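The values are calculated or read from the model by the stated rules, or taken from the named source; none is laboratory data. Computed from a prediction, not measured in an experiment: that's the story for all the values here. Positions of Cβ are backbone-derived with ideal geometry, glycine not excepted, and every protein chain shown enters the neighbour counts. When the accessible area is computed, the model is the full protein with side chains, heavy atoms only, and any ligands, DNA or RNA have been set aside. Shrake-Rupley method; radii C 1.70, N 1.55, O 1.52, S 1.80 Å.
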Amino acid sequence: MTSATTRWDTHPSQSWLRGERPAEPVAFDEESGLWNVYGYEEAVAVLGDPATFSSSHVGDLLPVQVDDSLREGNLLEMDPPDHRKLRNLVSKAFSGRVVADLEPRIAALTHELLDAVEGDRLELVEDLAYPLPVIVIAELLGLPSGDRELFRGWVDTMFSGSEDFSLNADPEQVEAEFADRLDAMTPMFDYLREHAVERRRNPREDLISGLVRAEVDGQRLNDNEVVNFATVLLVAGHITTTMLLGNTTLCLDAHPGQRARLRADRSGIPTAIEESLRFLTPFAALSRATTRDVELGGQRVPADRMIMVWLSAANRDPRKFADADVFDSTRDPNPHIGFGRGVHFCVGAPLARLEGRVALDILLDRFPDLRVDPDLAPTFMPSPIMTGPRTLHLRTA
Ligand code: HEM
């Protein structure tokens, strides 16, 4: 591997980002007690069978038991058929057709944020990649976007740990860390609860009002369900897109020829964004739990085991992708699973793709000489399951 991309300081546990392929597509890790899925076909098999590989059962296997009040209404921790009923409440609001109307607003925000940058340097995350998606999702939910520094504090706490997750960690330590995290996030739950209560009294045209009005099987969602649902939208709705913008910028910087071609022909931007999602997958791993004994990738996985599905490794599986470790902004078809697969497929994918396309187009327009600052290396998110820059210093001239 000679690519510049192998030198980035991504999390050490994702060795495939440095060209080291795991030996097996499915492997049990004694130390952590986790089953890891690295192969593409195997990952697709897991994500396509929620009855065997459950999302809701994960919580039962964790070393810390999480109170139901923190889990109800969280789409990511539900299985069919309940999951479908709740997901239907928002899927229309995020459909490609509805989201397309946001394009002028996303473009105006991008220009506004870039207008505020002074001099010939910018820090992409701080100046654009963090605020843009967070303002968009806050406006959709009906939250004041001026509160975004609050959201940032809460979400940073959620993903601040850099340790690999283990089922065999010291229970007391896990308990203490969980309590700390919960303490830090309680203000976010209280904040969202206040907004939910207010919308019950004075509904508006926003997603929180939609959630408090919505009925599932003739029943309104309770406050916990609204809060947990809104939390997922708020959290999933911004940090991942922040990483996508940073990753795409990094990949193009490392491949100036591809960047020049894209600048000359912007119709290639959507394809380049898909390749960025494959090559550096922002949401690197998903968890599932087996509900029965099952054969996977030639291994017998017993019931009640926790599985980490490494999307970022599956997206570099040479059995599926030719030259899997090469960034090719024209790769097509590109069946990557960076947005997941199956019933939990990212509801925000059309929005993330639109934000990525608009922002990248404007960056290419406004800064012909944009490049990574040679004196300030990018830093990456500390979490082993997130892949994307936390800081990305750029020079515009
Ligand atoms: C689900 C990735 C942007 C909202 C997911 C999943 C992935 C993912 C991998 C599947 C989770 C699972 O199977 O357990 C990403 C990436 C994004 C992005 C890489 C940006 C590049 C967004 C945005 C929103 C969003 C902008 C805004 C609403 C959600 C929600 C779910 C989800 C609500 C849960 C869906 C369900 O469980 O049915 N996302 N996401 N995501 N995403 Fe995204």
Using a 1.4 angstrom probe on the protein heavy atoms only, line up SER162, SER32 by accessible area, largest first. SER162, SER32
Rounded to the nearest 0.05, what FRET efficiency is calculated for GLN65 and ARG105 with R0 set to 35 Å and r the Cβ-Cβ distance? 0.25
Classify the stretch 97-248 as rounded, prolate or oblate, taking a ≥ b ≥ c as the square roots of the eigenvalues of its Cα gyration tensor: rounded when a/c is under 1.5, otherwise prolate if a/b is larger than b/c and oblate if not. oblate
Can you divide the C-alpha Rg of the chain by 2.2 N^0.38 Å and report the result to two decimal places? 0.97
Counting only protein heavy atoms and rolling a 1.4 Å probe, one gets per residue an accessible area for the stretch 123-187 in Å² of 48
Along each principal axis, Cα extent of the stretch 160-221, largest first, Å: 46, 26, 18
Computed E for ARG84/LEU182 - FRET, C-beta separation, R0 25 angstrom, nearest 0.05: 0.30
Considering only DSSP states other than H, G, I, E and B, which GluC sites (Glu not before Pro) in the stretch 4-52 qualify as loop sites with at most 15 other Cβ atoms within 10 Å? GLU20, GLU30, GLU31
Using the basic label-point model (7 angstrom from Cα toward the beta carbon), what is the ASP190 to GLN173 distance in nanometres? 3.1
With an 8 Å Cα cut-off and a minimum separation of 6 or more residues, compute the relative contact order for the chain in percent. 29
Run the numbers on the stretch 133-211 and let me know its relative contact order in percent, using alpha-carbon pairs under 8 Å that are six or more apart. 40
For the pair GLN299 and ASP29, how long in nm is the line joining their label points, each one 7 Å along Cα→Cβ? 1.1
Can you give the net charge of the other residues whose Cβ lies under 14 Å from the Cβ of VAL343, counting K and R as +1 and D and E as -1? +1
One quarter of the C-alpha convex hull surface, i.e. the mean projected area of the stretch 50-91 in nm², amounts to 3.2
The stretch 345-394 - convex hull of the alpha-carbon atoms, volume per residue in Å³: 82
Would you report the distance distribution of C-alpha pairs in the stretch 188-281 as whole percents per 10 angstrom bin, up to the bin with the largest distance? 14, 32, 16, 20, 15, 2
Can you give the local net charge around GLU30? Use residues other than it whose beta-carbon is closer than 15 angstrom to its beta-carbon, Lys and Arg +1, Asp and Glu -1. -3
The stretch 115-234 - percent of accessible surface contributed by carbon and sulfur, probe 1.4 Å: 47
Rg/Rg_ref, the stretch 298-397, where Rg_ref = 2.2 N^0.38 Å and atoms are Cα: 1.40
Looking only at trypsin sites (Lys or Arg not before Pro) in DSSP loops with at most 12 other Cβ atoms within 10 Å, what is the longest site-free stretch of the chain? 93-203
Return the FRET efficiency for the residue pair ASP49, SER95: r is the Cβ-Cβ distance, R0 is 30 Å, and the value is rounded to the nearest 0.05. 0.70
List, in order, the whole-Hz ³J(HN,Hα) value for each residue of the stretch 98-107 obtained from phi through the Karplus relation with A = 6.51, B = -1.76, C = 1.60 and θ = phi - 60°; use x for Gly and Pro. 5, 5, 4, 5, 7, 3, x, 5, 5, 5
The stretch 224-311: relative contact order in percent, alpha carbon pairs under 8 Å with at least 6 residues between: 22
Within the under-13-Å Cβ sphere about GLU198, not counting GLU198, Lys/Arg +1 and Asp/Glu -1 give a net charge of +1
Heavy atoms of ILE337 accessible to a 1.4 Å probe, total area in Å² rounded to 10: 0
Along the stretch 324-329, Karplus-curve 3J(HN,Hα) (6.51, -1.76, 1.60; θ = phi - 60°) to the nearest Hz, with x for Gly and Pro, reads 4, 8, 9, 7, 10, 5
